[in-house]
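The values are calculated or read from the model by the stated rules, or taken from the named source; none is laboratory data. Small disclaimer: the values here were computed from a predicted structure and weren't measured. Don't worry about glycine lacking a Cβ; one is built from the backbone with ideal geometry, like all the others, and counts go over all protein chains shown. Side chains are part of the model used for accessible areas, which takes the heavy atoms of the whole protein and leaves out ligands, DNA and RNA. Shrake-Rupley method; radii C 1.70, N 1.55, O 1.52, S 1.80 Å.
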Amino acid sequence: MESEFDEATPSAVDRPRPDGSDIRKIRAAEVQPVARTLARAFFDDPHMRWVARVDSKRMRTLERAFATFLGRVWVRHDEGYAHERLVGAALWMPPNTWQLGPLAQLLLLPAIVRDLRADTPRLLRALSFIEKKHPREPVHWYLPVIGVAPAWQGRGYGGALLRTVLQRCDAEQVPAYLEAGTPRSRAMYERNGFESVEECRYAADGPPLWRMWREPKRQPAAS
């Protein structure tokens with residue numbers, strides 16, 4: 001069944017609410033429409049183009065893959081957030097949960113092969129590289145994926161999706177980590193307090209990836 005928001009087009013004045021009241025947790029029943037939004041958001045992403053190289057098949061491939069990771073990895077932590085109109089989503093992993101154990105990876109592999117088919121080796125190569133580069137300490141929040149539907153980009157929805165957890169990071173004095181896949185996303189993360197710690201590539205013909213770290217903002221001392 002198609003989401004009622006599939007063809008939503010923003011008006012000239014559509015913006016996220018300043019108080020964040022339009023950002024909420026993703027419900028299990030919303031996995032498919034959120035996967036569809038993320039597939040649209042990442043259709044032209046250079047990393048997804050490197051993994052899924054056939055344009056005519058990429059949308060369906062990404063929808064299947066995002067649905068698998070949403071349902072079997074990210075949503076289980078109950079820290080996935082979406083705009084109320086499902087035009088964007090951020091999938092966070094709390095401290096000490098970012099790394100899948102060997103058994104979990106083995107159980108996930110058949111679904112990845114089903115979703116990616118011939119593109120599977122490239123995805124696994126990228127994921128393996130990303131895992132090896134991931135900092136082990138100090139404990140931190142991790143953001144593997146954030147995406148906003150193309151028509152809604154450039155209006156502040158990405159920043160709004162970030163702020164829900166970044167405010168907790170500041171309150172609890174916990175760092176955050178992510179990878180930026182484009183200069184545009186890197187600039188957005190920098191506006192929200194992240195700093196680039198390394199530019200790297202998982203393949204000679206792969207696009208650049210920026211590993212980014214955010215120290216929590218210091219809270220004012222109690223008077």
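What's the longest piece of the chain with no exposed trypsin sites (Lys or Arg not before Pro), counting a site as exposed if DSSP puts it in a loop and it has at most 10 other beta carbons within 10 Å?
Counting at most 10 other Cβ atoms within 10 Å as exposed, the longest clean stretch of the chain is 1-135.
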Accessible area of residue 213, 1.4 Å probe, to the nearest 10 Å²?
40
Could you give each residue of the range 19-30 its phi-based ³J(HN,Hα) in whole Hz, using Karplus coefficients 6.51, -1.76, 1.60 with θ = phi - 60°, and x for Gly or Pro?
8, x, 6, 9, 9, 9, 6, 6, 8, 4, 6, 9
For the chain, with every protein chain kept in place, what is the accessible area per residue (1.4 Å probe, Å²)?
53
Mind checking which of 13, 37, 126 is farthest towards the positive end of the range 3-126's charge dipole, using Cβ charges of +1 (Lys, Arg) and -1 (Asp, Glu) about the Cα centre?
126
Given the convex hull over the Cα atoms of the chain, what projected area results after averaging over all orientations, in nm²?
13.2
Taking 1 over the mean of 1/r across every pair of different Cα atoms in the range 131-204, what Kirkwood radius in Å do you get?
13.6
On each of the three principal axes of the Cα atoms of the range 50-150, give max minus min coordinate, whole Å, ordered largest first.
41, 35, 22
For the range 1-106 the translational diffusion coefficient, Stokes-Einstein from a Kirkwood Rh over Cα pairs at 10 °C and viscosity 1.306 mPa s, in µm²/s, is roughly 105
Given 20 °C and 1.002 mPa s, compute D for the range 6-61 with the Stokes-Einstein relation, Rh being the Kirkwood radius over Cα pairs; round to the nearest whole µm²/s.
157
At a 1.4 Å probe, what is the % contribution of carbon and sulfur to the accessible area of the chain?
53
Relative contact order for the chain: what percent, with Cα pairs under 8 Å and sequence separation of 6 or more?
22
Whole-Hz ³J(HN,Hα) for each residue in the range 173-186, computed from phi via Karplus 6.51 cos²θ - 1.76 cosθ + 1.60 with θ = phi - 60°, x for glycine and proline: what do you get?
6, 10, x, 9, 9, 7, 10, 9, x, 9, x, 5, 5, 4
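What whole-number volume per residue, in cubic angstrom, does the convex hull of the C-alpha atoms of the range 175-223 give? Working shown, then result.
Numbers: hull volume 2.8 nm³, N = 49.
For the range 175-223, the hull spanned by Cα atoms encloses 57 Å³ per residue.
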